[in-house]
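Scroll down for the structure; my scribbles are underneath it.
What follows is calculated from the coordinates using simple rules that are stated; it is not laboratory data. No experiment lies behind these values; they were computed from the predicted model shown. When we count neighbours, we look across all protein chains shown, and the Cβ atoms used for this are built from the backbone with ideal geometry, even at glycine.
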Amino acid sequence: MELKKQTYTDLVVTYIKRSILDGTYKPGTKVKELVIAKKLSISRAPIREALQILIKEGLVVWIPQKGKFITELTPKQIRDSYFTGGILEAAAVCSVIQKYTLRDIKKLEDIAEKMRLISENNEPIEKIAHLDDKFHKILFSRMDNELLLEFCTRSCQGISKFLLFKYWIQLYSIEEVYWRHKVIVDALKKGEVYELEACIRNHYLDAGKRMAEICERAMQDTP
């Protein structure tokens, strides 16, 4: 049975993200539609759609008359991105704080508990990435402002999990990751808007600062 075009688009998005993670596509690499079309044996139409999705997510940038490239960020851009993401997500979550259900909170607690168990069992920190995604998706789930959601996601979610993943896993110990998420859940449970806003904002502010420092050191060490 012939695959639907949207399925091909998803295939391309997955392929490019995987290529970023495995180092095939490094920051600044030009993304060539023809090469991908030959590699995946598909037409260029779904590739263009996939690239538009990745541009919206901040993983690809389009430079007029030059083409599309994997996003490359300076330390300052990283700090700015996380700072912006923290402000937006904090404001968004707090604006719908009354919409979170007991079930939502239970899901967040369960995720935090899984993080704790990973730490307790000394499991690889890479396992945290999927849980972190689920955690923030639950926070995003009560938002009904698609534009705000897009900006929140673009600011640092995709960036940290793909462009900067090799640095992201160096930011904190697994135990620290657990506590960083637990304080957010606790503030949400209490319904303390100002405390919750500060927790989420600082969650991103500190991560962005650490990420920028690691990237800066890596740039200095590169011949």
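Each principal axis of the Cα cloud of segment 75-221 was evaluated for its coordinate range; sorted largest first, these ranges are 48, 37, 22 Å. Computed from the Cβ-Cβ distance with R0 of 22 Å, the FRET efficiency linking ARG18 to TRP62 stands at 0.55. Phi angles of segment 39-44 translate, via the Karplus equation with coefficients 6.51, -1.76, 1.60 and θ = phi - 60°, into HN-Hα couplings of 4, 9, 6, 9, 6, 7 Hz per residue; Gly and Pro are given as x. Running a GNM on the chain with Cα contacts under 10 Å, which residue among ASN121, ASN145, ASN202 ends up with the highest mean-square fluctuation? Of ASN121, ASN145, ASN202, the most mobile in the Gaussian network model is ASN121. Couplings for segment 106-123, taken from phi via the Karplus curve 6.51 cos²θ - 1.76 cosθ + 1.60 with θ = phi - 60°, read 4, 4, 5, 5, 4, 5, 4, 5, 5, 4, 4, 5, 4, 5, 4, 8, 6, 7 Hz in order; Gly and Pro are left as x. Full extension of the chain between MET219 and ASP206 yields a length gain of 2.7 nm, computed as 0.36 nm times the residue separation minus the alpha carbon distance.
List the relative contact order of segment 5-100 as a percent without decimals, with contacts defined as Cα pairs under 8 Å and 6+ residues apart. Can you show the working numbers first?
Values: 68 pairs, mean separation 26.6, N = 96.
After rounding, I find 28 percent.
For a test of the definition: using alpha carbon positions, the gyration tensor, and the 1.5 limit on a/c, classify segment 5-70 as rounded, prolate or oblate. Write out the running numbers ahead of the final one.
Values: a/c = 1.41, a/b = 1.24, b/c = 1.14.
Verdict is rounded for segment 5-70.
Using only Cα atoms and rounding to the nearest 10 degrees, what angle (0 to 90) does helix 5-21 make with the longest principal axis of the chain? That helix lies at roughly 80 degrees to the long axis.
Take the Cβ atoms of ILE105 and LYS30, set R0 to 45 Å, and the FRET efficiency comes out at 0.50.
Close amide H contacts of THR71 (hydrogens built in the peptide plane, cut-off under 5 Å, sequence separation of 5 or more or a different chain): GLY28, VAL60, VAL61. Near ARG79: Cβ cut-off under 13 Å, other residues only, Lys/Arg at +1 and Asp/Glu at -1. The net charge is -1. Taking the C-alpha atoms only, the angle from helix 75-95 to the longest principal axis of the chain is near 50 degrees. The angle between the Cα long axis of helix 193-221 and the main principal axis of the chain comes to about 40°, on a 0 to 90 degree scale. For the chain, averaging the sequence separation of C-alpha pairs within contact (under 8 Å, six or more residues apart) and dividing by the residue count gives a relative contact order of 28 percent.
Report the local net charge at ALA90: Lys and Arg +1, Asp and Glu -1, summed over other residues whose C-beta lies under 12 Å from its C-beta.
In short, -2.
3J(HN,Hα) along segment 171-184: 5, 9, 6, 4, 4, 5, 4, 4, 5, 4, 7, 5, 5, 5 Hz, from the Karplus curve 6.51 cos²θ - 1.76 cosθ + 1.60 with θ = phi - 60°, whole Hz, x for Gly and Pro.
Assign one of three labels to segment 142-221, namely rounded, prolate or oblate, based on the Cα gyration tensor with a ≥ b ≥ c the square roots of its eigenvalues; rounded applies when a/c is under 1.5, prolate when it is not and a/b is larger than b/c, and oblate otherwise. Oblate shape, in that a/c is at least 1.5 and b/c is the bigger or equal ratio. By definition, a body whose alpha carbon gyration tensor gives a ≥ b ≥ c is oblate when a/c is 1.5 or more and a/b is not larger than b/c, and segment 105-183 fits this oblate description. Working note: 222 nm ellipticity from helices only, DSSP H runs with n ≥ 4, each -39,500 (n - 2.57), summed and divided by the residues of the chain, gives -22000 deg cm²/dmol to the nearest 500.
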